[in-house]
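Structure, as structure tokens:
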Amino acid sequence: MSEGGQVRKGSGSQDEVEEVEHASTDTEPVAKDLLDDVDELLDEIDDVLEENAEEFVRGYVQKGGQ
Amino acid sequence: MATPKFVGVETEYGITVDGPREVNPVLASSLVVGAYRQAGDRDVRWDHTDEHPMRDARGYDTPDPHEPVTDDELGLANTVLTNGARFYVDHAHPEYATPECSNARDLVIWDKAGERILEDAARRAAATLPAGHRVLVHKNNTDGKGAAYGTHENYLVPREVPFGRLTRHLQPFFLSRLLYVGAGRLGTEFRGEDVPFQMSQRADFFEVEVGLETTLKRPLMNTRDEPHADPERYRRLHVINGDANLCEVATFLKVGTMLLVLDLIEDQALPEPPAIHRPVQAFHAISHDLTSRIPLATEDGRKVTPLEIQWHYFEAAARYVKEQGRAAPWAQEVLDRWEALLATAEQDPRRLAGQVDWATKLELLEQYGERHGLDFGHDRLKMVDLQYHDVRQDKGLYQRLAARGRVERLVSEVEIRAAMTTPPTDTRAWFRGECLRRFPTQVVAAGWDSLVFDTGRDALQRVPMMEPGRGTREHVGDLLDSVADAAELLQALGT
């Protein structure tokens with residue numbers, strides 16, 4: 001799991017108010033890194049995703065198996 | 001005290017040839033399997049002598065028009081690998097069946113080795129086709145257009161455990177474990193239902209509670225009674241309701257929890273689980289729900305959620321392991337991870353992204369959809385759903401998430417690479433794999449429970465291996481080291 005996931009997990013048990021307080025103080029830099037990380041990931045998916053998605057998805061037909 | 005369990009997982013991979021010329025999937029599968037052999041290798045024939053796929057655990061044989069003739073008769077590629085696995089063509093798909101493993105962690109390693117073997121084999125197969133053709137392989141279970149193909153778990157269980165008890169005690173477990181077994185998919189097979197995304201690839205394809213079929217009218221509990229081992233002592237529980245997993249944590253828990261639960265059932269240490277009313281419909285509903293908190297009706301008129309069912313099994317397993325006081329390290333790791341996963345799911349099952357496939361994929365679909373303003377019906381998101389399962393490490397989306405450290409790994413790439421060619425040391429797979437490696441020209445056929453040798457004598461010699469826990473490196477390592485060829489081995493074995 002990414003570091004970001006663990007950060008999210010930790011804040012999950014807090015109530016809304018506390019979460020906002022945390023977000024405004026010590027977790028902010030981590031959250032920013034996390035967003036950068038997601039951006040880079042999505043950039044990469046733009047790069048590797050099958051170019052002609054519509055045609056590929058339509059043509060993806062398998063024989064049934066077990 | 002429960003007997004040692006063994007497990008193997010068989011996966012039918014999705015296959016597509018993309019290019020100017022159409023290649024039918026049976027031929028494509030055969031190309032992929034055939035391409036993996038080294039130049040000069042020949043197929044090792046599969047030994048069907050002790051195979052009885054139509055024998056029913058309820059005590060009878062059924063002729064089945066859907067069961068295909070054996071692949072040898074069709075001339076389809078079949079190989080048995082030095083890692084103890086079987087790699088062959090089944091139902092128009094390349095299928096990789098792991099060697100027998102003694103624990104969940106090993107199973108993760110040899111299952112992942114299968115992904116790498118498919119990646120390698122597909123690349124080699126493409127090189128045999130005219131330029132402009134690609135061979136793409138997906139570790140998934142449906143094309144989203146009405147076809148499903150299987151990932152089957154196999155567990156060795158003592159014959160004396162009554163099949164009725166197994167069915168009663170496992171069914172609620174099968175329903176509720178979708179939380180970590182599901183590989184996720186967009187949409188549903190049920191026309192007119194609004195299901196944007198569901199937990200399981202396979203759930204919609206299940207129609208009955210108990211039965212022998214695997215390709216039609218799929219049953220939650222499969223009754224195939226073909227132990228591939230001493231039939232007086234063992235049955236092989238053939239579990240067909242799970243998904244193929246990319247996430248190592250998911251595979252580890254899918255198999256690890258089953259091994260523990262089977263011990264509980266064998267030792268009668270499982271408090272009676274709730275009997276779920278209309279379980280097939282419940283299976284669909286759980287998959288479509290994503291919260292694991294959907295209230296399910298029980299046969300005695302109560303309500304129970306999938307998460308509550310999971311806690312029932314977890315608590316029994318934790319108590320059992322503590323009382324036995326002999327937990328193998330893997331068993332304790334299963335318990336720890338299982339508990340952590342259920343605790344996370346209590347907060348929000350979507351937080352399981354990075355550990356289980358459906359949540360990892362869902363998070364990716366939402367993030368990618370948000371960036372480009374796409375809804376779940378859009379072809380590019382359908383492409384994300386599909387390409388998540390692509391086995392290529394440079395293109396598969398799961399593989400890219402793993403490379404970026406966004407999914408949790410349990411085993412190392414070094415272990416996976418080694419497992420492509422070497423068998424587990426503590427099951428009969430070791431004898432199978434080592435004989436193939438050491439005596440490649442003298443093993444003419446192999447099965448799960450036999451090897452057939454040609455040592456130049458008039459008759460072929462068949463060595464039965466009816467005990468999955470025998471034939472380990474500890475048992476026969478020194479013996480194999482002491483012989484020069486298969487003839488000497490057979491002499492030493494007294495056959």
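In this assembly, the B-A interface accounts for approximately 3900 Å² of buried accessible surface in total, computed with a 1.4 Å probe and without ligands, DNA or RNA.
Counting Cα-Cα pairs of segment B:301-371 in 10 Å increments starting at 0 gives whole-percent bin shares of 17, 37, 28, 14, 4, 0. Measuring heavy-atom accessible area with a 1.4 angstrom probe and counting protein chains only, the residues of segment B:341-359 that give up at least 10 Å² relative to the chain alone are B:Thr344, B:Gln347, B:Arg351, B:Ala353, B:Gln355. Taking every C-alpha pair closer than 8 Å and separated by at least 6 residues, the mean separation divided by the residue count of segment B:261-392 gives a relative contact order of 16 percent.
The protection proxy used here, the mean number of other Cβ atoms lying within 10 Å of each residue, ranks peptides B:414-423, A:43-52 as follows, highest first: B:414-423, A:43-52. Using a 1.4 angstrom probe on protein heavy atoms only, which residues from segment B:82-116 are buried by at least 40 Å² of accessible area when all chains are present rather than their own chain alone? Relative to the lone chain, where solvent access is computed with a 1.4 Å probe, segment B:82-116 loses at least 40 Å² at no residue. When a 1.4 Å probe is rolled over the protein heavy atoms, the share of accessible surface on segment B:189-253 that falls to carbon and sulfur comes to 44 percent. Contact-buried residues of segment B:122-163, at a threshold of 40 Å² lost accessible area versus the chain by itself: B:Asp143, B:Lys145 (1.4 Å probe; DNA, RNA and ligands ignored). Each of B:Ala77, A:Ala53, B:Leu386 was placed along the dipole of the protein assembly as shown (beta-carbon charges, centred on the mean Cα), and the one lying farthest toward the positive end is B:Ala77. Mean separation of Cα pairs under 8 Å and 6 or more residues apart, divided by the residue count, gives segment B:346-462 a relative contact order of 11 percent. Given Cα pairs under 8 Å that are at least 6 residues apart, what percent is the relative contact order of segment B:433-482? In percent, rounded to a whole number, it is 22. Using equal-weight Cα scatterers in the Debye expression, the normalised intensity of segment B:250-343 in log10 at q = 0.13, 0.16 Å⁻¹ is -0.48, -0.72. The packing ranking of peptides B:378-385, B:85-92, highest mean first, is B:85-92, B:378-385, where packing means the average number of other beta carbon atoms within 10 angstrom of each residue. Charged side chains reduced to their Cβ positions (Lys and Arg at +1, Asp and Glu at -1) give segment B:202-339 a dipole of some 200 debye around its Cα centre.
Charges were assigned to the Cβ only: +1 to each Lys and Arg, -1 to each Asp and Glu. The resulting dipole of the protein assembly as shown about its Cα centre is roughly 1200 debye. Counts of other chain beta carbons within 10 angstrom of each beta carbon in peptide B:365-371 average 3.
Per the Kirkwood formula on distinct C-alpha pairs, the Rh of segment B:92-149 is how many angstrom?
Values: mean 1/r = 0.0750 Å⁻¹.
So the Kirkwood estimate lands at 13.3 Å.
Rolling a 1.4 angstrom probe over the protein heavy atoms with all chains in place gives segment B:174-240 an accessible area of 32 Å² per residue. Separation of segment B:97-146 and segment B:164-193 by C-alpha centroid, Å? Value for the Cα centre distance between the two parts: 24 Å.
Counting only protein heavy atoms and using a 1.4 Å probe, what share of the accessible area of segment B:65-179 belongs to carbon plus sulfur, as a whole percent?
The C+S portion of the solvent-accessible surface of segment B:65-179 is 54 percent.
Computed from the Kirkwood radius of its Cα pairs, the Stokes-Einstein diffusion coefficient for chain B at 4 °C and 1.567 mPa s stands at 56 µm²/s. Of the solvent-accessible surface of segment B:416-492, computed with a 1.4 Å probe and all protein chains present, 46% belongs to carbon and sulfur.
One compactness figure for segment B:181-312 is 1.12, namely its Cα radius of gyration divided by 2.2 N^0.38 Å.
Take the convex hull of the alpha carbons in segment B:106-231; its mean projected area over all directions comes to 11.0 nm². When the P(r) of the protein assembly as shown is calculated, the portion above 44 Å amounts to 16% of the C-alpha pairs.
In segment B:345-495, the ratio of gyration radius to Kirkwood radius, Rg to Rh, stands at 1.23 when only Cα atoms are counted. The helix-only estimate of mean residue ellipticity at 222 nm for the protein assembly as shown, built from DSSP H runs of length n ≥ 4 each weighted as -39500 (n - 2.57), is -13000 deg cm²/dmol after division by the residue total. Dipole magnitude for chain B: about 960 debye, using +1 per Lys or Arg Cβ and -1 per Asp or Glu Cβ, origin at the Cα centre.
Placing one equal scatterer on every Cα of segment B:283-435 and applying the Debye formula, the log10 ratio I(q)/I(0) at q = 0.14 Å⁻¹ is -1.00.
The values are calculated or read from the model by the stated rules, or taken from the named source; none is laboratory data. The shown structure was predicted, so the numbers you read here are calculated from the model rather than taken from an experiment. Ideal geometry is used to build each Cβ from the backbone, glycine not excepted, and the neighbour counts take in all protein chains shown. Accessible surface areas use protein heavy atoms only, side chains included; no ligands, DNA or RNA. Shrake-Rupley method; radii C 1.70, N 1.55, O 1.52, S 1.80 Å.
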